[in-house]
């Protein structure tokens, strides 16, 4: 099968380099391209003449290409090339071996669930409230090239404004942190743990009310409608953006075909 791989060189500072990954992909006869400033990954994936679409990047890089794979009914390949690589870990990949992940082109196929926020795909989660505010601040610091951007943003977290006042399926919800997840997570204070399953077929809506999220309320379902302020800060798979409410979140069960290295 003809494979097409996009490489995000800005996803993390690690080895191999983007150029080394590019060379390794081409050695496997995979058409590969390193993303440049201003490139639209979704547009490039849409135009690619390929039987398999893949992207090497962090969690925030994946969903736009996965969405094109869904629309084109093509298999999707994730090459872990970011800092945390939550999705790759949950998929069972060796997150320290992006070169080895190239074996997924022509590898074994799995079907996994995807989440939708309106018509936008997410593979991991959508966060609103304090976590989303943290992501927006971190991104603003990064763009200004400040040192220790993530730490500075974290120190400002207790200064987040009043809790979000939302309605979930018509019921009021007041929380500092809201997380809509594609399948169940093991939640920690400042980080997400793993997901036991990517085929549970349900969304999880987690909310926390205190200054720091030490205790979580949880709801499960295949669909949630969130209403509240007309515009809220959010982060989809760690990428900052603004969402307009009301918005329907839903899960499509085993909709995405993902290729993994043989016997993974």
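None of the figures in this text is laboratory data; all of them are computed from the coordinates on show. Just so you know, these numbers come straight off a predicted model, no measurement behind them. Positions of Cβ are generated from backbone atoms using ideal geometry, with glycine treated the same way; all protein chains shown enter the neighbour counts.
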Self-check item: Gain in span if fully extended, residue 37 to residue 171, counting 0.36 nm per residue against the direct Cα distance
Solution: 43.9 nm
Quiz item: Over what distance in Å are the Cα centres of the range 223-264 and the range 27-87 separated?
Solution: 17 Å
Exercise. Using Cα pairs closer than 8 Å and at least 6 residues apart in sequence, work out the relative contact order for the range 3-106, in percent.
Key: 30 percent
Exercise. Determine, for 46, 199, the number of other Cβ atoms within 10 Å of each Cβ, and report the residues in order from fewest to most.
Key: 199, 46
Quiz item: Does the range 3-106 classify as rounded, prolate or oblate by the C-alpha gyration tensor (a ≥ b ≥ c root eigenvalues; a/c under 1.5 gives rounded; else a/b over b/c gives prolate, otherwise oblate)?
Solution: rounded
